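Colleague: Below is the structure I would like to discuss, written out as structure tokens.
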Amino acid sequence: MSDHLIERRQFGTKSDTISMLGFGGVIVTNVFPETASRYVSEAVEAGVNYFDVGPFYGNAQEKLGPALAPYRDDCFLACKTRERSAQGAQAELEESLRLLETDRFDLYQLHSLQSVENDVNAVFAPGGAMGAIVRARDEGKIRYIGFSAHTEEAALAAMQQFDFDSVLFPMNYFAWTSDGFGSSVFEAARAKGMAVLALKTLAYRKWTREEFKAFFRPWPKCWYKPLDTVGDIEMALRFTLGRPVDAAIPPGHWDLFKLCLKVVTDPSFGSSDAVEVSAALEELARDTEPLFARA
């Protein structure tokens with residue numbers, strides 16, 4: 001796929017290193033098994049070792065498990081749960097291990113913490129999901145514990161409750177420069193020595209009503225309109241990966257992932273003028289409503 005291997009970065013303060021692009025499991029949802037194997041093989045050949053999946057991405061786990069099996073010992077596999085109870089999280093973890101044909105996860109994450117009351121407080125309450133996740137770590141089924149969130153309030157509240165190893169959070173130019181969305185989370189995570197993993201780097205804007213209802217919509221796995229030209233993708237990735245971010249996960253389409261991989265494995269990546277990059281993105285962001293904002 002490329003003559004240059006992707007850069008790997010340290011996972012927070014741990015000894016593990018992960019590719020600065022993560023392979024989102026959504027990529028293999030609803031594809032033929034041989035296609036899933038080809039996608040994974042090409043990613044691994046380019047140096048990708050960070051794979052992220054969850055039980056709510058259709059049949060992604062069933063597809064990714066066999067495709068990743070030949071490379072499992074050399075990869076950093078992350079999975080997630082949206083369950084908030086210990087019983088639900090335990091059952092979902094065991095099912096994910098079975099479908100992904102593995103005996104452990106390198107990273108297991110509480111997914112989509114949105115509300116402090118309904119999500120953060122629920123997982124830390126007696127009988128909450130954190131009890132099952134910590135127990136699984138003690139049993140060797142999980143190496144590291146993290147979480148993903150889309151609100152600053154939930155992310156910061158979770159960090160106060162537990163010494164997580166990582167946070168998966170939107171690192172998006174349009175939201176960051178609009179009102180600083182995400183900056184407090186990234187600063188707090190770095191201060192605690194957590195790994196910082198970026199979501200929604202290529203998120204541009206919401207689909208219009210007409211676009212969303214269209215019989216053929218490009219990038220149907222995305223609930224937002226992503227940046228999809230090499231130039232725009234390069235600027236967005238420079239913005240995110242030029243900061244203290246360990247990795248970014250592109251949208252769940254193989255063609256978009258390939259474009260991102262092409263950008264970051266180019267020898268010139270990271271060498272252009274940051275001021276020029278910011279000016280170009282600023283022009284693109286004009287009159288665009290960010291997908292994320294501070295409460």
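Colleague: Since Trp219 meets every condition but one in (1) touching a Gly at 6+ places or on another chain (Cβ under 8 Å); (2) among the aromatic types (Phe, Trp, Tyr); (3) part of a loop (DSSP other than H, G, I, E, B), which condition does it not meet?
Modeller: With respect to (1) touching a Gly at 6+ places or on another chain (Cβ under 8 Å); (2) among the aromatic types (Phe, Trp, Tyr); (3) part of a loop (DSSP other than H, G, I, E, B), Trp219 is out only on (1).
Colleague: Shifting gears a bit: Can you confirm whether Gly22 is among the small types (Gly, Ala, Ser), in contact (Cβ under 8 Å) with a residue 60 or more places away in the chain and out of contact with any Cys (no Cβ under 8 Å at 6 or more places or on another chain)?
Modeller: yes
Colleague: Related question: Residues in the range 230-250: is at least one at pLDDT below 95, more than 13 Å from the chain's Cα centre (by Cα), β-branched (Val, Ile, Thr) and part of a loop (DSSP other than H, G, I, E, B)?
Modeller: no
Colleague: Can you report the number of residues in the range 30-63 which are crowded, with 20+ Cβ neighbours inside 10 Å, of a type outside the set (D, E, K, R) and over 25 Å from Val245 (Cα atoms)?
Modeller: Matching residues across the range 30-63 total 4.
Colleague: May I pose another question? Pairs only if they're at least six apart or on different chains, beta carbon under 6 angstrom, first in the range 201-226 and free of Cβ contacts under 8 Å to residues at least 40 places away in the same chain, second surrounded by fewer than 12 Cβ atoms within 10 Å (Cβ to Cβ) and not charged (D, E, K, R); list them, first residue then second.
Modeller: Correct list of pairs: empty, since none qualify.
Colleague: Let me ask you something else. Out of the residues in the range 278-295 that are touching a helix residue (DSSP H, G or I) at 6+ places or on another chain (Cβ under 8 Å) and not in a loop (DSSP other than H, G, I, E, B), which is surrounded by the most Cβ atoms within 10 Å (Cβ to Cβ)?
Modeller: Among residues in the range 278-295 that are touching a helix residue (DSSP H, G or I) at 6+ places or on another chain (Cβ under 8 Å) and not in a loop (DSSP other than H, G, I, E, B), the one surrounded by the most Cβ atoms within 10 Å (Cβ to Cβ) is Leu281.
Colleague: If you check Ala132, Ala91, Ala122, Ala149, which single one turns out to be farther than 20 Å from Cys75 by Cα, crowded, with 20+ Cβ neighbours inside 10 Å and more than 22 Å from the chain's Cα centre (by Cα)?
Modeller: Ala132
The values are calculated or read from the model by the stated rules, or taken from the named source; none is laboratory data. Remember, it's a predicted structure, so these values are computed and weren't measured experimentally. Cβ atoms come from the backbone with ideal geometry, glycine included; neighbour counts cover every protein chain shown.
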